[in-house]
Each structure stands twice: as C-alpha cells, then as structure tokens.
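Report on the following structure.
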Amino acid sequence: MTVHRRISRLPLLALLLVLAACAPRQDTGGAPVSALTRVAATDRAAAPDLSGSGLDGRAVRLADYRGKVVVLNVWASWCGPCRAEAPELSKAQQELAAKGVQVFGVDTDARRDRGRSFERAHGLVYPSLHDPGSRRLLRLPRGYAPQALPYTLFIDRDGKIAAKYLSPLTAADVRTIVRPLLAEKA
C-alpha cells in the first residue's frame, strides 16, 4: 500500500472512530446497555476538587458547589453530540437552579478561544473549567474517567459521584436523574 492510499484512508478511520464513540453501548450479549449507571449511596466515591481557570479566565472550583447536586458535563467544541446537548443543559440549569442543582462544564478543547466561542454560540448559562488535554479529569476515581464525549457525572450534595451518563442528555434526562438525588439528605 502506498503512502497516498494510507493517508486517504485516515479521514474514513477518524469518522468510524467518532461514530463508534457515539454508538449505544453493547453488553457481551449484544443488547444495548443503559447510558445511565447509578451508584448506591454506600458505594459512592468522592469527586476530586476540580479547579482552575474557567473559560472567562476566572477561577472556578467544583468544591464551591458542595451542598448542591452537581451535573458535571465534559465536552469539547468539536463534538457534535456536545453541541446538541449544550442548550439542553442550559435549560436544565435554568429550571433546576432554585432546587439546588448546578451544571458545571469541563471544556477539553486545547484552545480556550474555541471553548469561549462554543459557550457564546450555544448560550451556556453555567461555568466551565478549561481543561485542555483532560489533565484535571485524570484525578477522577478509577472507573469514572471519560472514554468518549459527551460524558456526564452526577455528584450528590456531599460531593460524591452518584451516577454517570454516557450519552447526550436532554433537560428531561437531567430532571429524571437528579430527582432522587435532591430527595436525599446531605
């Protein structure tokens, strides 16, 4: 195979990888696996205090939202499903803020300006930590590091990971997932 033929197949390979990441998860029997995994209160691991610079350059800290149910959404501007869910997460933030829910984004773009453009274009109403290369996400407990985007963790009021969601979310999904977490006592 010539170098030219190998290079021309790279875009096809990249497309297949993106589509595979967005496909429904399958268990070994071929049945779809739910995008949602809940964690029993007794088995929850503490979420690390992700902190650093937000897209606006100001300091942001996950720990500042202790006492609230946090929807920690990992995204990137180049991710099509992330673009689709961004307005839904803003809607969820607006609907649920008064009930004690906070959406907290983690932008994995290499360049902050791309994240800021995404934030403006999709009207994000929640803060996003800029984490190029996902270095801060490496601090997540074993089994909770994102393998594909979008990726969302639900953190209870005590700062522990209560659920993970491996597909794009709607505002209705967020309402359904946080409802039992809001009913828990901190």
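Assorted remarks:
- Residue tally, condition under 20 Å from ARG61 (Cβ atoms) and either surrounded by 23 or more Cβ atoms within 10 Å (Cβ to Cβ) or in contact with a Phe, Trp or Tyr (Cβ under 7 Å, 6 or more places away or on another chain) (or both), over the stretch 157-180: 2
- Condition met for PRO81 (touching a Pro at 6+ places or on another chain (Cβ under 7 Å) and at pLDDT 95 or above): yes
- Number of the exception - ARG136 against (1) more than 14 Å from LEU50 (Cβ to Cβ); (2) in contact with a strand residue (DSSP E or B) (Cβ under 7 Å, 6 or more places away or on another chain): (1)
- Among the residues here, LEU149 does not qualify as in a strand (DSSP E or B), closer than 19 Å to ALA35 by Cα and touching a residue at least 40 places away in the same chain (Cβ under 8 Å).
- Looking only at the stretch 143-156, and only at residues there that are surrounded by 15 or more Cβ atoms within 10 Å (Cβ to Cβ) and aliphatic (A, V, I, L, M), the one that is nearest to LEU62 (Cα to Cα): ILE155
- Exactly one residue out of LYS91, LYS99, LYS68 is in contact with a Gly (Cβ under 6 Å, 6 or more places away or on another chain) and of a type outside the set (Asp, Glu): that is LYS68.
- Test: residue in the stretch 49-70 that is assigned to a loop (DSSP other than H, G, I, E, B), at pLDDT 50 or above and over 30 Å from GLU95 (Cβ atoms): no
- Screening LEU96, LEU89 for residues that are within 12 Å of SER128 (Cβ to Cβ) and either assigned to a strand (DSSP E or B) or at pLDDT 95 or above (or both) leaves exactly one candidate, LEU89.
- Every pair of residues 6+ apart whose Cβ atoms lie under 7 Å, when the first sits in the stretch 22-51 and is within 20 Å of ASP173 (Cα to Cα) while the second is assigned to a helix (DSSP H, G or I) and modelled with pLDDT of 95 or more: CYS22/PRO81; LEU36/ILE177
- Unmet requirement for ARG179, which otherwise passes all of (1) out of contact with any Ser or Thr (no Cβ under 7 Å at 6 or more places or on another chain); (2) part of a loop (DSSP other than H, G, I, E, B); (3) not small (Gly, Ala, Ser): (2)
The values are calculated or read from the model by the stated rules, or taken from the named source; none is laboratory data. Every value quoted in this text rests on a predicted model; they were computed, and no experiment measured them. Cβ sites come from the backbone with ideal geometry, for glycine too, and all protein chains shown count toward neighbours.
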